[in-house]
There are 2 protein chains.
Amino acid sequence: MSGIADTPKPPYYAVIFSSLQSNDLEGYAETAARMLELAAEQPGFLGVESCREQLGITVSYWSDLDSIRRWKSNAEHLQAQQNGRRRWYTNYKTRIARVERDYDMP
Amino acid sequence: MSGIADTPKPPYYAVIFSSLQSNDLEGYAETAARMLELAAEQPGFLGVESCREQLGITVSYWSDLDSIRRWKSNAEHLQAQQNGRRRWYTNYKTRIARVERDYDMP
């Protein structure tokens, strides 16, 4: 999870989740780890990249929009999203984007 | 630069730059700061988000693909890219994506 995701040739989709954390992080680390594990089991999941300083950015990659919709409505993920809104984040933004091209280091 | 970018309604474009640094970071911090400053002056620039742990992720947002192409070929930016390839990064990947939808924290 600390590396660059080995995604296939475009097109595919990216979910860019940018967030600022609150001071109430009880249960956050366990849930974040579980969500990474659970996401990786979902159909259409291609990879994930994540880092945090003050701002956290998690980019997950998916083969298609239906896979993203299913993941968004996964029951365990819905519970995590609710905890995120109620406790762990002071602000966040989610962007759904279609990756059209990519370039590796030459 | 430590916050969530205040981007307009989609569609717009995201450049997702994911990188792993080398141990030779001489000149890196100054150049990174300068590139953020210079990017923000470019036509079509909408905002940027960035963080780094082991992996670094910088997502810059742009109004259209032409603006991204112009920024990619900016002379001072080309020099920075070359230093990145030769010295500062052991690996990176750049993805160009069209943001189709976004969601704020309710």
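Taking the number of Cβ atoms within 10 Å of each Cβ as an exposure proxy, the fewest-first ranking of B:26, B:100 is B:26, B:100. Compute the Cα gyration tensor for region A:18-106, then decide on rounded, prolate or oblate, letting a ≥ b ≥ c be the square roots of its eigenvalues: rounded whenever a/c is under 1.5, prolate when a/b is larger than b/c in the other cases, and oblate in all that remain. It comes out oblate by the Cα gyration axes. Checked against a 23 Å cut-off, the cross-linked pairs A:93/B:9; A:72/B:9; A:9/B:9; A:9/A:93 give Cα-Cα distances beyond that limit for A:9/B:9; A:9/A:93. Normalising by residue count, region B:22-62 has a Cα convex hull of 66 Å³ per residue. Along its first, second and third principal axes, ordered by size, the protein assembly as shown spans 49, 31, 29 Å in Cα coordinates. Region A:32-84 and region B:1-73 have Cα centres lying 23 Å from one another.
Per residue of A:83-93, other chain Cβ atoms within 10 Å of the residue Cβ number 2 on average.
Laboratory data are not the source of any read-out in this text; all were calculated from the coordinates shown. None of these values were measured; they are calculated from a predicted model. No Cβ is skipped: glycine too gets one built from the backbone with ideal geometry, and neighbour counts run over all protein chains shown.
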